[in-house]
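Just so it is clear, none of the values below were taken in a lab; they were calculated from the coordinates. These figures come from a predicted structure and were not determined experimentally. Note: ideal-geometry Cβ built from the backbone for every residue, glycine included; neighbour counts use all protein chains shown.
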Amino acid sequence: MDGGLQLVFVTGYADHVFDGYSVGALGYLLKPPKAEQLTEVLERAQGALYRELDRTYICRSGDTHYRVPVSHILYFVSDRRQVRCVTPERTYTFYGKLDTVAAELGEDFVRIHQRYLVRAGAVDRLEGGEAVLINGERLSVSRSCQSAALLALTRAELGE
């Protein structure tokens, strides 16, 4: 459920090696692992985490620019031309269009309403196709976005 989690199996059983990869494991080491194997898998894990940290969205408010890690963004909400980028820590406000934000961020983000663009990985649950719950907040899913949002959220859950 946590895309930032780096999972490595260290076990004495080789029978389930392929099962480990079905859950997105970074590696599968047989006991006792060699020092080189541990070093290599830890370097790969660190590299994956750094790549995720490098991915940011820049919110521009006047002369001020905020670099917000994409993995921290919960959702965007738009009211006329004012867009708010909501994270667990704070909210950033800037002028722009939600369509432009969606195009810049790609398919990790799902349009659930004319006003809302959510990070699929931040959705805790979908309530009857009418709302999503994110970090304790309930956001409405519009009828016009319902089928596309449900499909995109299902794909994100399956990791496609």
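Annotations for the structure displayed:
- The GNM of the chain, with springs linking C-alpha atoms under 10 angstrom apart, assigns the highest mean-square fluctuation among V101, V17, V68 to V17.
- The relative contact order of the chain, computed from alpha carbon pairs under 8 Å that lie at least 6 residues apart in sequence, is 13 percent.
- Between the beta carbons of E107 and E40, assuming R0 = 30 Å, the FRET efficiency works out to 0.45 to the nearest 0.05.
- Top of R111, R119, R67 by mean-square fluctuation, Gaussian network on the chain, Cα under 10 Å: R67
- Unit Cα scatterers, Debye sum, the stretch 54-136: log10 I(q)/I(0) for q = 0.15, 0.17, 0.21, 0.24 Å⁻¹: -0.49, -0.64, -0.98, -1.28
- Residue of L139, L105, L38 that the Gaussian network model of the chain assigns the largest fluctuation, springs spanning Cα pairs under 10 Å: L38
- Taking Cβ atoms as reference points and 14 Å as the exclusive limit, the residues near R60 contribute a net charge of +2, counting Lys and Arg as +1 and Asp and Glu as -1.
- Stretching the chain fully between H65 and Y50 yields a gain of 3.3 nm (0.36 nm per residue, less the alpha carbon separation).
- Across the stretch 106-123, computed HN-Hα scalar couplings (Karplus, 6.51 cos²θ - 1.76 cosθ + 1.60, θ = phi - 60°) run x, 6, 5, 10, 10, 7, 10, 6, 4, 9, 10, 10, 10, 7, 4, x, 8, 6 Hz from first to last residue, x flagging Gly and Pro.
- Computed about the Cα centre, the dipole magnitude for the chain is approximately 640 debye when only Lys and Arg (+1) and Asp and Glu (-1) carry charge, each at its Cβ.
- Fraction of beta bridges assigned by DSSP in the chain that are antiparallel (%, nearest 5): 90 percent
- R138-T91 pseudo-label distance in nm [points 7 Å out on the Cα-to-Cβ vector]: 1.8 nm
- Whole-Hz couplings from phi, Karplus 6.51/-1.76/1.60, listed for the stretch 69-83; x for Gly and Pro: x, 4, 5, 8, 6, 8, 6, 10, 10, 10, 9, 6, 9, 9, 10
- Cα-Cα separations in the stretch 93-160 greater than 18 Å, expressed as whole percent: 32 percent
- Compared with the dominant principal axis of the Cα atoms in the chain, helix 143-158 is inclined by about 10°.
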